[in-house]
Amino acid sequence: MNTISRRPLRAAVAAAAALLMTGLLAGCGGSAAAPETTTSATASAPSDAASSSASPSAGAETFSYAGRTGATALELLLEADPSAEVTGEGESAFVTAIGGRVADDAKSEFWSLSVDGEPAQVGAGTLETENGQEITWTIETY
């Protein structure tokens with residue numbers, strides 16, 4: 001009887017995704033000595049793409065909204081949740097909290113970004129979305 005567990009495979013995939021995300025963010029940033037700042041996100045009034053149905057639930061582990069041609073995933077997140085917390089800016093932006101749910105470093109958590117169910121290949125500040133795409137943030141561990 002073959003009793004192979006899928007749990008180690010899932011852990012390896014999550015670890016690989018975290019390493020990829022870390023590498024992408026490091027490659028997008030400026031010098032390593034540049035100070036990082038954490039700010040509460042602010043945005044203009046929500047657009048049609050980030051409707052009230054996209055409002056995050058307090059403490060939620062997943063948050064989704066529709067893409068909009070010409071807007072980045074980060075811009076749309078900040079429209080849908082002006083209280084989202086972000087470290088860094090633009091290409092170096094790293095989302096640390098959505099809907100009041102903070103990714104806990106002590107638990108090796110991070111907010112993972114995906115588009116139409118596939119992991120994003122670039123950071124949220126760089127990811128240009130398109131109409132009809134589903135942008136999803138999920139708490140993951142590394």
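Scanning region 109-124 for residues that are touching a residue at least 60 places away in the same chain (Cβ under 8 Å) and small (Gly, Ala, Ser), we see that the one that is farthest from residue 134 (Cα to Cα) is 123. Hey, could you check region 75-91 for residues that are under 12 Å from the mean Cα position of the chain (by Cα) and either modelled with pLDDT under 95 or under 18 Å from residue 134 (Cβ atoms) (or both) and say which is surrounded by the fewest Cβ atoms within 10 Å (Cβ to Cβ)? This residue is 75. Evaluate region 93-112: report whether one residue or more is part of a loop (DSSP other than H, G, I, E, B), under 10 Å from the mean Cα position of the chain (by Cα) and closer than 19 Å to residue 56 by Cβ. Yes: region 93-112 contains one or more residues that are part of a loop (DSSP other than H, G, I, E, B), under 10 Å from the mean Cα position of the chain (by Cα) and closer than 19 Å to residue 56 by Cβ.
Of all residues assigned to region 56-64, at least one qualifies as being of a type in the set (A, V, I, L, M), under 12 Å from residue 136 (Cβ atoms), surrounded by fewer than 18 Cβ atoms within 10 Å (Cβ to Cβ) and at pLDDT below 95. Kindly indicate whether residue 93 is touching a Leu at 6+ places or on another chain (Cβ under 7 Å), closer than 16 Å to residue 77 by Cα, of a type in the set (Gly, Ala, Ser) and touching a residue at least 40 places away in the same chain (Cβ under 8 Å). It is false that residue 93 is touching a Leu at 6+ places or on another chain (Cβ under 7 Å), closer than 16 Å to residue 77 by Cα, of a type in the set (Gly, Ala, Ser) and touching a residue at least 40 places away in the same chain (Cβ under 8 Å).
Checked against the criteria, residue 102 does not count as touching a helix residue (DSSP H, G or I) at 6+ places or on another chain (Cβ under 9 Å) and modelled with pLDDT of 95 or more. For region 84-121, the tally of residues that are at positive phi and in contact with a Phe, Trp or Tyr (Cβ under 7 Å, 6 or more places away or on another chain) stands at 3.
The values are calculated or read from the model by the stated rules, or taken from the named source; none is laboratory data. What you see is a predicted model, and the numbers here were worked out from it, not measured in a lab. Ideal geometry is used to build each Cβ from the backbone, glycine not excepted, and the neighbour counts take in all protein chains shown.
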